[in-house]
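Just below is one structure, and these are the notes that go with it.
Each reported figure results from applying straightforward, stated rules to the coordinates on display, with no laboratory input. This is a predicted model, so every value here is computed, not measured. Backbone-built Cβ (ideal geometry, glycine too); neighbour counts: all protein chains shown.
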Amino acid sequence: MNTEFTENLKDRYPLIIIGAGPAGLTASIYASRYKLEHLVIGEAIGGLAFEAHKICNFPIENEISGRDITKKMQEHARSLGANIIMDKVIGVQEKNEGENKIFKITTQSNKVFLANTVLLALGTERRRLDLPGENRFIGKGISYCATCDAMFYQNKTVAVVGGSNSANTSSLYLAEIAKKVYQIYRRDKLRGETSWIEQILHNQKIKVIYNTNIIGLKGEEKLEKIVLDTPYQGMKELAIDGLFVEIGSVPQKALIKDLSLQTDENGYIKVTSDQRTNRLGIWAAGDITTNSNNFRQIITACSEGAIAAESIFKFIKQHTS
């Protein structure tokens, strides 16, 4: 991925956007159009959207990969002058400056910035199986990104765990490369877009195993077998070459906890209709929030990013006029 950005950094910005996925990049585009000086700090351009093999529900594209749609968003933001740095924010502290508040933002590379307002567009991270040996097999048979790693399993047998859109599209993509794909799901039918499900059920390379969980991982130097809680064709162990974990995502909680932001029971940030959090000067947008009816899609992340940018622009204008 191209991450060559011209860094013309200042110490202080009216707005700092934390996260460079669809919500963060869209917020940057709108902030630039409002002539609102800002900085975007992100660990990876595109976030989880970058990993999507195929996107067929974005209004301006019949079909596009996550990599390509991310590239277009990135180029759009840059064309408007966005200043984006690749770094991880490890701390956000609220400080008093006279009667006003200001936020001190510290990154992993020891950069420190000050911001009058902050937009959290952190996105989510992959949920793990939390099984013994899982960490040991990462990169040695276990993957959380079919788009990234499918090429290593050409003509091999793989399994996908999960039953929603991310798992369904991963199974279909892997079926183009692998010899056989088991899709293992804990419920009795797949969820998500009907078109993906229909393709899976008609694909001879994919076998869906319902009402089943993976309860164990076996192997020496690499993953060799998975253990099932329900026998499949009389077997409780399946020999596979690779396992792709697609069981959803969870919020990145460190900054949320440090800032004492209100969340729901699953850790997603509660926001108002204009994306404000319970803390003055802090907004949130994208998959990290409870907005958009919890329908965590690229288009809803973009929408929330745009709404947040407008809200922040109005807030800054009101407090500086």
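In the chain, what % of DSSP beta bridges are antiparallel (nearest 5)? Could the numbers behind the result be given before it?
Values: 26 of 59 bridges.
Of all bridge pairs located within the chain, approximately 45 percent are antiparallel.
Please name whichever of H53, V89, N135 sits farthest to the positive end of the charge dipole of the stretch 21-140, dipole taken about the Cα centre and charges placed at Cβ: Lys and Arg +1, Asp and Glu -1.
Towards the positive end, the residue furthest out is N135.
Give K54/K270; K104/K257; K10/K253; K35/K317; K72/K270; K179/K222 a once-over and call out the pairs whose C-alpha atoms are over 21 Å from each other.
K54/K270; K10/K253; K72/K270
Mean Kyte-Doolittle of at least 0.5 and a Cα length of 24 Å or more along the axis: which whole DSSP H helices of the chain meet both?
Those that pass (Cα extent of 24 Å or more, hydropathy at least 0.5) are 298-320.
Kindly put D287, D68 in sequence by how many other C-beta atoms sit within 10 Å of each C-beta, fewest to most. Walk me through the intermediate numbers first.
Numbers: D287 27, D68 14.
So the ranking, lowest neighbour count to highest, is D68, D287.
Only four residue types carry charge here, +1 at the Cβ of Lys and Arg and -1 at the Cβ of Asp and Glu. Report the dipole size of the stretch 134-245 about the Cα centre in Debye, rounded to the nearest 20.
160 debye
At a 4.7 angstrom Cβ threshold, list every cysteine in the chain that has nobody to pair with, or say none.
That list is C56, C302.
Can you give the Rg and Dmax of the stretch 134-245 based on its C-alpha atoms, in angstrom?
12.9, 39
Which GluC sites (Glu not before Pro) in the stretch 199-287 sit in a loop by DSSP (not H, G, I, E or B) and have at most 13 other Cβ atoms within 10 Å of their own Cβ?
On the way: sites: E220, E221, E224, E237, E246, E265; in loops: E220, E221, E224, E246, E265.
Sites meeting the loop and neighbour criteria: E220, E221, E265.
As I understand it, the dipole of the chain uses +1 on the Cβ of Lys and Arg and -1 on the Cβ of Asp and Glu, about the Cα centre. Which of P231, L80, A159 lies farthest toward its positive end?
P231
Taking the chain as a Gaussian network, Cα atoms linked when under 10 Å apart, which of T169, T147, T106 shows the biggest mean-square fluctuation?
The residue that fluctuates most here is T106.
Listing E51, E176 from the residue with the fewest other Cβ atoms within 10 Å to the one with the most, what is the order?
Neighbour counts put them in this order, fewest first: E176, E51.
For the stretch 160-307, what does the alpha-carbon gyration tensor say about shape, rounded, prolate or oblate, given a ≥ b ≥ c as the root eigenvalues, a/c under 1.5 as rounded, and a/b over b/c as prolate?
prolate
With both bridge residues required to lie in the stretch 134-245, what share of the DSSP beta bridges run antiparallel, to the nearest 5%?
Within the stretch 134-245, antiparallel bridges account for around 35 percent of the total.
As I understand it, the dipole of the chain uses +1 on the Cβ of Lys and Arg and -1 on the Cβ of Asp and Glu, about the Cα centre. Which of I102, I69, L36 lies farthest toward its positive end?
The listed residue farthest towards the positive side: I102.
For the chain, give the magnitude of the charge dipole about the Cα centre (Cβ charges: +1 Lys/Arg, -1 Asp/Glu; no others), in debye to the nearest 20.
It comes to approximately 180 debye.
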